[in-house]
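Trainee: Here it is, the structure in full.
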Amino acid sequence: MRVMKAGCGHLAAIMAALCVVLCGCAPAFASTSTVAKAQPLTPSQIESRREAMLVEMMARPNDLDLAFEYVKLSKMAGDLEGAVSTLERMLIYQPNTPQIQLELGILYYQLGAYEVSRNYLQQAKVNPATPPQIAQQVQIYIEQLDVTAEPETFSGSIYSGIRWESNANTGPANNSVTLNGIDFTLDDQAVGRSGWSNLTIGNVHYSHDRERQGDTFEFDFLAYNSWYFDSVLQDINLNFFEATVGPSYNLKRWEMPKSRGYVYAIGDLAYLGQDYYFSAPGAGLRWTSFAAERSFLAPASRPVCGTSTTPPSCRPRACATAPRPASASPTPTSWRRASSSPPRVMPSART
């Protein structure tokens with residue numbers, strides 16, 4: 001019996017050893033083994049890789065694989081301008097590529113250069129080589145651009161009306177007044193007087209797109225006129241003019257969406273009773289933040305099917321019926337396949 005037990009013990013040991021050899025791990029450690037997960041790159045690692053790739057790209061400017069990796073790292077580093085310049089150079093080697101046009105449209109949208117973004121999106125929309133999935137994403141961003149379009153470059157308004165004031169000249173109720181214990185008698189023109197007047201207010205706004213990430217040059221002019229029908233009150237007719245001029249900066253590049261900063265010079269001029277009253281030159285700063293707008297783009301927490309750069313949302317029905325769309329940052333093989341047939345269209349000038 002002892003021999004049999006010893007034999008069984010050796011047999012069990014041999015089987016266990018075979019299991020370790022064949023399976024590559026001991027049963028005792030099988031439950032604790034885990035698959036190593038790829039750790040995200042730190043900012044210093046991203047920047048180090050970008051610098052190394054930049055040197056390689058200077059030696060191999062037509063290497064699309066290398067350029068695409070540099071674009072991905074640039075977006076991870078928050079350098080959207082670097083990603084834009086690389087993508088536009090890629091269009092020189094692979095012109096009229098819809099995926100690159102879409103990616104440029106998205107990047108320029110994020111930078112706030114809406115007109116340049118629309119230009120690239122329209123190129124992708126009319127491109128016969130654009131796949132249906134890319135065309136769907138292009139349309140979503142075009143619709144979003146329509147929502148977030150900048151105000152008209154020129155606008156103006158004028159308001160005119162007639163009003164009655166019970167005490168137009170803000171005078172006392174009667175001719176007798178007491179000042180520091182001394183009684184005075186005022187003439188009739190100094191007493192409070194009611195009257196009708198015409199009030200006119202007009203303003204003009206002009207905005208010039210500087211083609212730099214949504215920055216503009218702003219000019220505003222305001223005119224105010226108050227004219228009284230009563231000749232006695234015409235000494236208080238008022239004409240006031242104000243003009244402001246200066247650049248306006250899109251603050252989206254500094255993580256402040258829907259906000260603008262203004263640097264302006266200002267000048268005021270006033271006439272009272274048709275005579276010069278005062279002037280006031282100056283300068284100032286102004287910050288404006290707009291209310292949130294409706295968006296066709298999905299929040300980051302919602303499942304989306306789109307591009308690698310702030311992807312647009314697909315409508316629920318589209319996501320349910322359409323196959324998974326290709327990334328707006330395709331592999332160079334797909335670039336060559338997509339751009340093999342259409343005619344060459346050079347990209348627009350960079351901002």
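The values are calculated or read from the model by the stated rules, or taken from the named source; none is laboratory data. For clarity, every value in this text was computed on a predicted model and none was experimentally measured. Here Cβ is always computed from backbone atoms with ideal geometry, including for glycine, and neighbour counts include all displayed protein chains. Keep in mind that these areas ignore ligands, DNA and RNA; they rest on the heavy atoms of the full protein, side chains included. Shrake-Rupley method; radii C 1.70, N 1.55, O 1.52, S 1.80 Å.
Trainee: Which one of 109, 141 is among the aromatic types (Phe, Trp, Tyr), in contact with a Pro (Cβ under 8 Å, 6 or more places away or on another chain) and at pLDDT 85 or above?
Mentor: Working: 109 fails: in contact with a Pro (Cβ under 8 Å, 6 or more places away or on another chain).
It is 141.
Trainee: Related question: Could you list, in sequence order, the residues of region 224-234 that are in contact with a Phe, Trp or Tyr (Cβ under 9 Å, 6 or more places away or on another chain) and open to solvent by 50 Å² or more (accessible area, probe 1.4 Å)?
Mentor: Matches in region 224-234: 224, 229, 234.
Trainee: Hey, among the residues in region 253-268 that are open to solvent by less than 50 Å² (accessible area, probe 1.4 Å) and more than 17 Å from residue 205 (Cβ to Cβ), which one's modelled with the lowest pLDDT?
Mentor: 259
Trainee: Ok, one more. Tell me which residues, restricted to region 235-244, are within 20 Å of residue 158 (Cα to Cα) and open to solvent by less than 60 Å² (accessible area, probe 1.4 Å).
Mentor: Kept after step one, since they are within 20 Å of residue 158 (Cα to Cα), are these residues of region 235-244: 237-244.
Once the filter is applied, which keeps residues that are within 20 Å of residue 158 (Cα to Cα) and open to solvent by less than 60 Å² (accessible area, probe 1.4 Å), region 235-244 yields 237, 238, 239, 240, 242, 243, 244.
Trainee: Something else: Being over 23 Å from residue 289 (Cβ atoms), touching a residue at least 40 places away in the same chain (Cβ under 8 Å), among the basic types (Lys, Arg) and surrounded by fewer than 24 Cβ atoms within 10 Å (Cβ to Cβ) is true for just one of 75, 125. Which residue is that?
Mentor: None of the others qualify; the one that does is 75.
Yes or no, residue by residue, for (1) more than 19 Å from residue 257 (Cα to Cα); (2) part of a helix (DSSP H, G or I):
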site	(1), (2)
84	yes, yes
92	yes, yes
96	yes, no
105	no, yes
110	no, yes
118	no, yes
129	yes, no
141	no, yes
146	no, yes
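Trainee: So in region 191-223, with the set limited to residues that are in a strand (DSSP E or B) and open to solvent by less than 30 Å² (accessible area, probe 1.4 Å), which one is farthest from residue 273 (Cα to Cα)?
Mentor: Out of the qualifying residues, it is 216.
Trainee: Between 69, 103, 81, which is at pLDDT 85 or above, acidic (Asp, Glu) and over 21 Å from the mean Cα position of the chain (by Cα)? Write out each step before concluding.
Mentor: Values: 103 fails: over 21 Å from the mean Cα position of the chain (by Cα); 81 fails: over 21 Å from the mean Cα position of the chain (by Cα).
From the options 69, 103, 81, the qualifying one is 69.
Trainee: When region 38-82 is examined, which residues are found to be part of a helix (DSSP H, G or I), of a type in the set (Gly, Ala, Ser) and over 25 Å from residue 102 (Cα atoms)?
Mentor: The answer is 44, 48, 52, 59.
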